[in-house]
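Student: Before I ask anything, here is the structure I am working with.
The values are calculated or read from the model by the stated rules, or taken from the named source; none is laboratory data. Here the structure is a predicted model, which means the values were calculated and not measured. Cβ placement follows ideal geometry from the backbone for every residue including glycine, while neighbour counts extend to all protein chains displayed. The area values use the complete protein model at the heavy-atom level, side chains included, leaving out ligands, DNA and RNA. Shrake-Rupley method; radii C 1.70, N 1.55, O 1.52, S 1.80 Å.
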Amino acid sequence: MKQRFSSHTTLIELAAALLCFLLASVTVLGLFSKAYTISRNGRLLNRATIFAQDCAEVVAGAADLEEALQQLGYEPVEDGVWRYRPDAELMVLLRLNTEQTEVGSLVSGKISVMREEEVLLEMETARYNNKEVIHS
Amino acid sequence: MSEKGQVRAGLGIPSMVLVLLVLCLAMLGVLSLISARNDAALAERHTELTCRYYEVATQAQVALAALDQQMTEAWQASQSDEMYEALCLDIASAGASQVEWQGTTAKLSFDAGFDRVLVVEVEREDWNHAAEKRFVVTKHVLEDVLEWEQTDGLILMGV
């Protein structure tokens, strides 16, 4: 009996193969979609960290804090609160608090980087100013 | 149509190609997912390291404010440089940090996590100048506390 390899199949087998292909495609698309979401969140966190770090450095080191913040793009919202919107997605909020001591002042800031209502990260920063140093 | 009236389609080799294609795409998807997860973990670690650094930098500034206050009180209570020095040496802690004196230098250390320590050193001004300024910050450095150990595992040799 002569046996031959047949590359033909029935309609039922064709439908089954198409179904498997569709399921596999959905799985693959799901994998790519999840990878994209995770990657995007990671990039967003990196950007949030950079913005927060910039702000922390300004609070810790700028001679004229208000001017430096304005140059960076921050706008005053209320007393001691500054806001910066680098793009439509992220928003940086800086809450400043100044404590006067007998010999100097301690400026402390709390930085929050938010995406809509979600807080991505919070950072602290501070600078101690000796009165004599400020006035000199 | 076959001889027996069944509908047939030629699917042998195309099916195998399709299966291989799907497998390749699935493999690429898994690799992308692993890569994205690693990147996200790295981003989280970077954020954590940065936040921790600024947290201890804040603690350091609070400690400097406390130290300045204590040194001002010591200056106000003293009549000479020797007395002022003795009173300053009595200052053992400022804020959340222990103060270690080595002569006129005070060292403050803050644990920044991840085997790092923020070291702040200040140089004390003498009694005559303490009215204007009690100290000058001479060091503000993040140092590794983890020491390198020699291993026999990998030896890299120049070509």
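Student: Within region B:88-106, count every residue that is surrounded by fewer than 16 Cβ atoms within 10 Å (Cβ to Cβ) and at negative phi.
Tutor: Residues in region B:88-106 being surrounded by fewer than 16 Cβ atoms within 10 Å (Cβ to Cβ) and at negative phi: 11 in total.
Student: Moving on. Taking region B:30-64 as the region of interest, how many residues are touching a helix residue (DSSP H, G or I) at 6+ places or on another chain (Cβ under 9 Å) and among the charged types (D, E, K, R)?
Tutor: Residues that pass the stated criteria total 3.
Student: Which members of region A:98-118 meet the condition of being modelled with pLDDT under 95 and open to solvent by 40 Å² or more (accessible area, probe 1.4 Å)?
Tutor: A:Thr98, A:Glu99, A:Gln100, A:Thr101, A:Glu102, A:Arg115, A:Glu116, A:Glu117, A:Glu118
Student: In addition: Report, by residue number, each residue of region B:77-130 that is of a type outside the set (Val, Ile, Thr) and under 27 Å from B:Arg45 (Cα atoms).
Tutor: B:Ala96, B:Ser97, B:Leu108, B:Ser109, B:Phe110, B:Asp111, B:Ala112, B:Gly113, B:Phe114, B:Asp115, B:Arg116, B:Leu118
Student: Right, something else. Among the strands (runs of 3 or more DSSP E) confined wholly to region A:23-136, which include 1 or more residues that are within 12 Å of chain B (Cβ to nearest Cβ) and either out of contact with any strand residue (DSSP E or B) (no Cβ under 8 Å at 6 or more places or on another chain) or under 24 Å from B:Thr50 (Cα atoms) (or both)?
Tutor: Of the strands (runs of 3 or more DSSP E) lying wholly inside region A:23-136, those with at least 1 residues that are within 12 Å of chain B (Cβ to nearest Cβ) and either out of contact with any strand residue (DSSP E or B) (no Cβ under 8 Å at 6 or more places or on another chain) or under 24 Å from B:Thr50 (Cα atoms) (or both) span A:90-100, A:104-115, A:118-130.
Student: Pick from region B:18-62 the residues that are open to solvent by 90 Å² or more (accessible area, probe 1.4 Å) and within 17 Å of A:Ala24 (Cα to Cα): which of them is farthest from the other protein chains (Cβ to nearest Cβ)?
Tutor: Among them, the one singled out is B:Leu20.
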